[in-house]
Structure formats: structure tokens, C-alpha cells
There are 2 protein chains.
Amino acid sequence: MTLSEEDYIKAIYHLGKGENTTVSTNAVAEQMDTKPSSVTDMVKKLSEKGVANYKPYKGVSLTEYGQKIALSLVRKHRLWEVFLVEKLDFSWDEVHEVAEQLEHIKSEKLVDQLDKHLGFPQVDPHGDPIPSKKGEFKKAIKKLLNEVPIGKSGICVGVKDSSPPFLKFLDKNKIALGDTILVLDKEEFDGSIDIQIKERTIHISSQIATNLYLKITE
Amino acid sequence: MTLSEEDYIKAIYHLGKGENTTVSTNAVAEQMDTKPSSVTDMVKKLSEKGVANYKPYKGVSLTEYGQKIALSLVRKHRLWEVFLVEKLDFSWDEVHEVAEQLEHIKSEKLVDQLDKHLGFPQVDPHGDPIPSKKGEFKKAIKKLLNEVPIGKSGICVGVKDSSPPFLKFLDKNKIALGDTILVLDKEEFDGSIDIQIKERTIHISSQIATNLYLKITE
DNA sequence: ACAAATATTTAGCTTTGTCTAAAATTATTT
DNA sequence: AAATAATTTTAGACAAAGCTAAATATTTGT
């Protein structure tokens, strides 16, 4: 696969949200910041190569083989993101562009060894799951912290309320996007919860918990 | 710079042995496994871009700017080689192909952080020196172990005598290509020497020392 | 159901990097 | 120093991947 073909495969995969959905030429063009006519050309080629199913005017989807390739790319992308954050001190919002390049490196041994070096991580710095070598992985869902069951952990990915006082609170308690939060206990009465974050245990009110989004897997 | 341009720059650099030598179109073509006519086209473009000096029929050399690019590529290549060997357990002879891909990744932060992560290594797994960020580096020379001065260390890169008994000796003493050897002491009388290799100290006869090549820097 | 709007494809052109074959230049030999 | 050999460049073609403009399908609104 060429670099460009791989980019198209990833775009089709992501637009189909991982399920094997048919996506439109226009959608792919927009996603990839290119023109619809270029997409038509490329999906024809991918179709001939057995990577995609394409019917003129009817959109395009990935074949089994195409999905395999997509999953391998996603796996590589997310492993590299973990590497950049954990080993090279990148912040969670700096990694995408570089991982976008690294995911195209071709070497099975490289990926396997990288996975091992990182301790076989399950999720990337954005809380998204990393497919196994065979392409299996759990879905990630975004939930408000108060909806996360006891014992589950997730990665902080956003806030519902973005008012200065709330953001100030998060800052003061050293809760940042990208942090892993584990729900230790919940108080039925007032909805407050105990969480563990970076080795620290803190108690959080319901108001806070209903305004913080976590990404949790499975 | 495109991937292809970078490959040409590296080829011209290596053929010129790092000094700013003029190299022939044919030599570049052979090195890159391509045709002389393709080289002509490319060096014209590199010349227009201010990367190379090219006079028809007279060969091509790198400009200052071109040399800077070459050194940056060499730096990246060798840092990635160290990474692959030290962190991902690649053996010294498996790294080249993968490093050849990784050297094209564009991110200054990536290279700086990688350098730091590896502890600012001075040489790659083949004993070749790694240019600093500014492009400075010491030359590497290949010497027989008996010619290496006391206190200097180098990396084992080859043998003069490749007879089975000699190779068996190396194997028994766990001396392998890629190992770092430090010369501790020399015996004037019989030319035998003490070396340190992988935390072990061993005594080696003159016959052995005159048949083992090390790469040492400066 | 038909016209208008939107989406998609086709046709033809551009750029990058490569190739082959022919022409031009430089080097070598006698 | 002329002839031959070797090297290098030019000219013209090709594949990949992209674009624009025009043509064709499909969808939507009434």
C-alpha cells in the first residue's frame, strides 16, 4: 500500500465509525481535504486492489481485507501516540501530527516490539482503545464521570461546563485532559464520588462529576 | 524536502564521504539503484533549490545548506538505530531498513526528545558517530584492536581472520559484532591486552587483538 | 412527476519522479 | 590527434495522484 492509499483507507474506516458502513465520495473528500473527483479515482483503484467495495454513485466501503489494513494503521497510530506521551514527554494534544507520519512505517517487528516496550497498553492518550495484533478491540464510549460505575477507569476527555470557575477548580485539583481517573466509590445520598487520579485519592462533588467527560472502554 | 529529494541528498553526502566532494551522476545512480538520467533530473532540481551545486558533465556536490540537511538525516537515522537496538531489542544488523524509513519523519521535537530519551548517545550500533543538533561530530576510524590506545573504547565491527577457530574463540568469549570494547591495559612484552566488554574484564592475546576490528571515534 | 439542486463521475491537464533511446560531451587508446 | 569508448544529458513517454470544468446521476421540493 502506498502512503496515499493508506490515508484513504483510514478515512473510509473512520467515516464508517469502524463499522463497515458505506460512505459517500463527498464525505471522504471533505475528511481528506481533497476533491471528490480525486476520491473517485482512488476508490476505483482500491476497489481493483480488493481493498474497497465501490459502486459508482453508491459510495464506498472497506472489504474484510481493507478493514484489516485500517485496523493495523489504527493500532500503529495509537501505539506511537502512547510512545510519544509516555516515553518522549509529548503532551496528549501534540501527538497526532507525528503519529500520522509514524503510522506509515512498515515493519511488523517494529510494531510488536513497540507494543512490548510500552507494556501492551490498552488505550491511547485520548482514551481510545488500541486494536490487538489480530485486530480485536473494545469500543470506547464517552460518559459523564457520575455515570461511570465503581471500579471502572477512564481518561478525561472534556468538560460539559467550560466556565472559568469550573476550569479553575480542575486546575487547582490538578485534573487535566488526558489524565486517567479511576472511580473508587460513590455516595448514593449526594452523588459525590471518590476518585483516584495519578496516585492521589480525592473526593468530588456531584456538580463536578456531572460536568466532566471520561472516555471508558467496553 | 520530499522523501525522494532527501534520499538523493543522503546519497550525495555518503558518496562524498562527508567531505564536500563532487560526485558523478553515475555514482549516484548506482548508489541509489536508479538510472543516470533520473539523477540528472533530480540534481537539477536540487541545484535550483539551493541544496546542491551542479555543473553539467562535471558532477554534483552539496551546498552548505544541503550538508546541513544531510547531517540532520544522518543524525535521525543513527538515533533511530540506537533506539531500535537499545529499547526495542533489535540486533545491530536488523536496524538499517527500518531506520531508513524513520529518518524521514518530520518533527524537531521528536528528534530532540528521542535524543534525550536515549541519553544523548555518541555513536550508533555500528560505531558510527551521531551528529549533534548543530551538525558537529567526530570522525570514526576502523582500527585493529591492538592499535587502539589504552583508555579508548570502540565498537566491534569486523574480523580480519574469519577462520572457524577464530570465530569459535569469539563466540566462546561472548564477543560479538556490535559489542563495545574498552582497552584497559596493554602488555608491551607480548602484545596481549586487557579489555572490558559488557561489564566483564578479559585478557586477550596479541594474535586475537590483531584480527579484530573496532570502530573508534575521533 | 418534474424541475431544481446536489452529488458524483468523466475527460483532460499538471506535477513528481521515473524510464528508454538518442544525442552530446568527456576520457582513453593507440 | 583521431578514433573509440565511456559518461552524461536531452527528449519524449509513463504512472501516480492530484486538479478543473463539463457531463451525468441522484435526490429533493413543490
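The values are calculated or read from the model by the stated rules, or taken from the named source; none is laboratory data. Just so we're clear, the structure is a prediction, and the values are computed from it rather than from any experiment. In this analysis, Cβ positions are derived from the backbone assuming ideal geometry, glycine residues included, and neighbour counts consider all displayed protein chains. Areas reflect the complete protein model, heavy atoms only, side chains present, ligands, DNA and RNA absent. Shrake-Rupley method; radii C 1.70, N 1.55, O 1.52, S 1.80 Å.
Observations
- Listed peptides B:153-160, B:193-200 appear in the order B:153-160, B:193-200 once ranked by packing, highest mean of other Cβ atoms within 10 Å at the front.
- The loop-placed trypsin sites (Lys or Arg not before Pro) in the stretch B:38-89, going by DSSP, that have at most 12 neighbouring Cβ atoms within 10 Å of their Cβ come out as B:LYS58.
- A simple spin-label model places pseudo-atoms 7 Å from Cα toward Cβ; at B:GLU199 and A:HIS203 they are separated by 4.9 nm.
- At least 20 Å² of accessible area lost relative to the chain alone, listed for the stretch B:101-134 with a 1.4 Å probe: B:GLN101, B:LEU102, B:ILE105, B:LYS106, B:SER107, B:LYS109, B:LEU110, B:GLN113, B:HIS117
- Three-way shape label, the protein assembly as shown, alpha-carbon gyration tensor, a/c 1.5: oblate
- When the convex hull of its Cα atoms is projected in every direction, mean area for chain B (nm²): 13.7
- All Cα-Cα separations within the stretch A:55-142 were binned at 10 Å from zero, giving a P(r) of 17, 47, 26, 9, 2, each value a whole percent of the pairs.
- Karplus 3J(HN,Hα) series, Hz, for the stretch A:172-182 with 6.51 cos²θ - 1.76 cosθ + 1.60 (x for Gly, Pro): 4, 8, 6, 9, 10, 4, x, 6, 8, 10, 10
- Annotation for B:ASP185 and B:PHE169: the two label points, set 7 Å from Cα along the Cα-Cβ direction, are 2.1 nm apart.
- For the residue pairs A:LYS198/B:LYS174; A:LYS215/B:LYS87; B:LYS55/B:LYS134; A:LYS143/B:LYS106; B:LYS44/B:LYS133, the C-alpha atoms sit more than 32 angstrom apart in A:LYS198/B:LYS174; A:LYS143/B:LYS106.
- Positive-pole candidate from A:LEU184, A:PRO165, A:GLN196, dipole of the stretch A:160-199, charges at beta carbon: A:PRO165
- Proximity of backbone amide H atoms, modeled 1.01 Å from N, is registered between A:THR34 and no other residue at under 5 Å, excluding neighbours fewer than 5 places apart on the same chain.
- Residue-averaged 222 nm ellipticity for chain B, from DSSP H runs of 4+ at -39500 (n - 2.57), nearest 500: -12000 deg cm²/dmol
- Amide H contacts of B:VAL123 (H built 1.01 Å from N, in plane; Pro and chain starts excluded): B:ILE130 sit under 5 Å, all sequence-distant by 5 or more or on other chains.
- When B:GLY50 is represented by a point 7 angstrom out along its Cα-to-C-beta vector, the spacings to that point in the other copies are 4.9 nm, nearest first.
- Solvent-accessible area, 1.4 Å probe, carbon plus sulfur percent, for the stretch A:141-217: 52
- On association of chains A and B, roughly 1700 Å² of accessible area becomes buried (total for both chains; probe 1.4 Å).
- In order along the stretch A:66-76, the phi-based Karplus estimate (6.51 cos²θ - 1.76 cosθ + 1.60, θ = phi - 60°) of 3J(HN,Hα) comes to x, 5, 4, 5, 4, 5, 5, 5, 4, 4, 5 Hz; Gly and Pro are listed as x.
- The residues of the stretch A:141-217 expose, per residue, 57 Å² of accessible area to a 1.4 Å probe.
- Dipole magnitude of the protein assembly as shown, debye to nearest 20 (Cβ charges: Lys/Arg +1, Asp/Glu -1, about Cα centre): 680
- Taking amide H positions as modeled 1.01 Å from N, with prolines and chain starts lacking one, the residues under 5 Å from B:LEU212 and 5 or more places away or on another chain are B:LEU145, B:ASN146, B:LYS160.
- Cα gyration tensor category, rounded, prolate or oblate, for the stretch B:3-62 with a/c compared to 1.5: rounded
- Descending Cα extents along the principal axes, the stretch B:95-180, whole Å: 48, 29, 19
- Simple rule: put +1 on each Lys or Arg Cβ and -1 on each Asp or Glu Cβ in chain B, find the dipole, and look at B:GLN67, B:GLY154, B:VAL82; the Cα lying farthest toward the positive end is B:GLN67.
- In the stretch A:33-88, the chymotrypsin sites (Phe, Trp or Tyr not before Pro) that fall in loop regions by DSSP, at most 13 other Cβ within 10 Å: A:TYR57
- Estimated FRET transfer efficiency when R0 is 41 angstrom, pair B:LYS17-A:LYS44 (beta carbons, to 0.05): 0.30
- Ascending list, in nanometres, of distances separating the B:ASP112 label from those of the other copies (7 Å, Cα toward Cβ): 3.6
- Probe 1.4 Å, accessible area per residue of the stretch A:1-49, Å²: 56
- Separation between Cα centres of the stretch A:37-112 and the stretch A:1-28, rounded to whole Å: 9
- In order along the stretch A:51-62, phi translates into HN-Hα couplings of 9, 9, 9, 9, 10, x, 6, 10, x, 9, 9, 8 Hz, rounded to whole numbers, per the Karplus curve 6.51 cos²θ - 1.76 cosθ + 1.60 with θ = phi - 60° and x for Gly and Pro.
- Student exercise, chain A dipole from Lys, Arg, Asp, Glu Cβ charges, in Debye to nearest 20: 560
- Of all accessible heavy-atom area on the stretch A:81-131, the percent that carbon and sulfur account for (1.4 Å): 48
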